[in-house]
Every structure is written in C-alpha cells, then in structure tokens.
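Beneath this line is the structure, given in structure tokens, with notes to follow.
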Amino acid sequence: MNQVQRLEYARAVLHKAETASGLTRVEEQGGWNTPDVLQPVLPSLTPGVLTVTGSATILLALAGHASKQGAWTAILGLPWVGWGAATEHGLDLTRTAHIPHPGSQAANILTALADGFDIIAAGDMNLGIREERAIAQRVRARGATILATNWSTSSGTLRVENEGAEGYADGVGHLKRLRFRVSAGMSSVSCLWTGEELVATPRALRAVVS
C-alpha cells in the first residue's frame, strides 16, 4: 500500500465511522473511563494527547477499555499489533481501524482520523513539534484522544515499569500474568495484566515485589 492508498484508506474508514449508527463521541460522555486499578493515576481519557511509555500492553488495555464503552478506535503506526492482540486487549474490531505503516502521510492520516475516531493508539510518527502541536489542538477540538508511545508535546505522561511475569521459569511454560507499576506525577499503582484485563496486584504479591 503506497502513501496515497494509505491516506485514502484512512479517509474511507473515517467515512464509515461517521456514517455508522451508534457512533459515540467522547464529549458526550465527559471522558472515557479507565480500568478501575488505574483510576488513582488516570481517572479518565479526556481529549488531547497522552504519552504512554514503557508498555504496549497498558496502552492497548486503555484503548480496549474505551472500546468496550463504545469508543471508535484506530491503531496507527504499530505494525506489530495484530487483530488477535487487539481482541485480547478488548478492542471491538467492528469499530477499529488498523493502519500499520502510515509513512510520510502520518500527519495527514492522524488529522483525518481525529475527525471520526475517539481513541487513536499511535506509534512513533516522526512528527515535528509544529505538527504535534497542530494535531493535538485538532484532536482536543474534535473530542478525540491520542495514546502515543512517543509525543514530545503531550499534555500528560503515563510511565509504566515492567515488574515481572508469571507462568514460566527458565524459559519454559506459558506466560499467564504480567506485573506493572504505572505512574503519573507522584502517584503510582501496581497492577496485573491477566491476558484479559488489568486488575490490582494482590497485597501479598505487592509485599514481595517491594
């Protein structure tokens, strides 16, 4: 798919989102709720750009939680995210667009998606500061939220540290749960990704980790 085709695809999925029944815009809800365990550090997803560093799992879990509430979502510039992973993290594929390689048209595609999608999970777009600021202004005006792995001018940052995994030893076994510490400002929480949802880390396990 060349650059022109990528942009046309973005516009096509945007048109589909705009004309579909049941489209829910974030401004009608006052922000998308986040998983309960993350409420102390991130009560809701509000219009603008939020950088999520250190974990694609947390980024996708946030997008998936909003999708369960009815949000239209787009995955942009994250080619390693397949439909299986998107479903596992709660994304409704009937309301999700996936553009793995936006190339040099990233800014134009982001601008188009902001007009019809509620949540945009975005990889490193290699945007200039002016482009970032212009796009951030547009998504705020349109009531959309970008969850970015890298955005130098974002209005907020969620920092994620991987604290270990369960289910295998010495490279043998099946990965069952991932442990994370998620921070924003001076606040932080510990949580587990179970393969289906984010939950609070059991008290005994928190004591061992600390």
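Summary table
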quantity	calculated
Hey, ALA63 buried (at least 24 other Cβ atoms within 10 Å of the Cβ) and at pLDDT 90 or above or not	yes
Selection count, segment 139-161, where residues are touching a Gly at 6+ places or on another chain (Cβ under 7 Å) and within 21 Å of GLY64 (Cβ to Cβ)	6
Residue in segment 113-123 that is in a helix (DSSP H, G or I), within 13 Å of THR145 (Cα to Cα) and not basic (Lys, Arg) present	yes
Elements of type strands (runs of 3 or more DSSP E) contained in segment 132-210, each with 2 or more residues being at pLDDT 80 or above and more than 18 Å from the chain's Cα centre (by Cα)	187-193
Any pair with Cβ under 8 angstrom, 6 or more apart, that starts in segment 50-61 at a residue that is under 17 Å from GLY82 (Cβ atoms) and ends at one that is of a type in the set (Ser, Thr, Tyr) and surrounded by fewer than 24 Cβ atoms within 10 Å (Cβ to Cβ)	ALA56/THR149; LEU59/THR149
Boolean, GLY77 is at positive phi, touching a residue at least 24 places away in the same chain (Cβ under 8 Å) and surrounded by 21 or more Cβ atoms within 10 Å (Cβ to Cβ)	yes
Among residues of segment 125-148, those that are in contact with a strand residue (DSSP E or B) (Cβ under 8 Å, 6 or more places away or on another chain) and over 22 Å from PRO43 (Cβ atoms), counted	3
Residue satisfying all of: in segment 102-134; aliphatic (A, V, I, L, M) and free of Cβ contacts under 8 Å to residues at least 40 places away in the same chain; surrounded by the most Cβ atoms within 10 Å (Cβ to Cβ) among these	LEU110
Inter-residue pairs, beta-carbon under 6 Å, first in contact (Cβ under 8 Å) with a residue 40 or more places away in the chain and in segment 145-164, second of a type in the set (Lys, Arg) and in a strand (DSSP E or B), 6+ apart	GLU161/ARG181; GLU163/ARG179; GLU163/ARG181; GLY164/ARG179
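The values are calculated or read from the model by the stated rules, or taken from the named source; none is laboratory data. This structure is a prediction, so every number in the text was calculated from the model and none was measured. Cβ sites come from the backbone with ideal geometry, for glycine too, and all protein chains shown count toward neighbours.
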